[in-house]
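What follows is one structure encoded as structure tokens, with my remarks underneath.
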Amino acid sequence: MSADTKDLEPVDLDSPLQLHGAVERWNCLADESFDRIEIDCGDDAEKVMPMRRPSWADPEKDNVGIGPNDTFFASSGVSVPATLMNGWVSDNKTFKYSRVKVSVRQWGHGASGVVLTVCTRGADGMPKWAGIGLTATEADDVARVLLAAADLIKQADA
């Protein structure tokens, strides 16, 4: 050993003083009551979301899921009939068109998006739903493409 290190004593990392402090801290935490472990929220997403309900969100459309990806605020939806697709007849003998439904959501993780939901007749004759979420920019792009496609058809018919 060199003359510089021979007088140093090893440090006891497991000294009773250090362990006692850690145990005491742990026991204090274990005795605390964490109020946010259980939240009586019913169907009110605002009680569990980390943000306030947006002005466009309909409280009746809230979804409280098992985590931030499944919990969201939603607007009322706007449905447009898709008359070129097969529809179906409901139990009460009412014909229902296939449709495209558009709504807006804000999820618990902070993302907002436009949700397109398509409802068509499935192979079993019953309605089948499929949806996709779009960012605002993606929704703008889809809207421009749809308008351009509609213009092509209208121009060909003129």
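Where a number appears in this text, it was derived from the coordinates with a stated rule and is not lab data. These numbers come from a predicted model, not from an experiment. Quick reminder, even Gly has a Cβ in these numbers, built from the backbone with ideal geometry, and neighbours come from all protein chains shown.
Counting just the residues of the stretch 97-117 that are outside any strand (DSSP E or B), out of contact with any Ser or Thr (no Cβ under 7 Å at 6 or more places or on another chain) and touching a residue at least 40 places away in the same chain (Cβ under 8 Å), which one comes out nearest to Trp56 (Cα to Cα)?
Restricting attention to the stretch 97-117, the residues satisfying the condition of being outside any strand (DSSP E or B) are 97-98, 108-111.
Next, from what is left, pick out any that are out of contact with any Ser or Thr (no Cβ under 7 Å at 6 or more places or on another chain): 109-111.
Applying the additional criterion that residues be touching a residue at least 40 places away in the same chain (Cβ under 8 Å) yields 109-110.
On the way: His109: 18, Gly110: 15 Å.
Result: Gly110.
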Can you name every residue in the stretch 60-91 that is touching a strand residue (DSSP E or B) at 6+ places or on another chain (Cβ under 9 Å), more than 30 Å from Lys47 (Cβ to Cβ), touching a residue at least 12 places away in the same chain (Cβ under 8 Å) and assigned to a loop (DSSP other than H, G, I, E, B)? Ala82, Met85, Asn86, Gly87
Of all residues in the stretch 96-148, how many are surrounded by 12 or more Cβ atoms within 10 Å (Cβ to Cβ) and among the aromatic types (Phe, Trp, Tyr)? 2
Residue list for the stretch 40-77, restricted to those being under 18 Å from Val102 (Cα atoms) and exposed (fewer than 11 other Cβ atoms within 10 Å of the Cβ): Ser55, Glu60
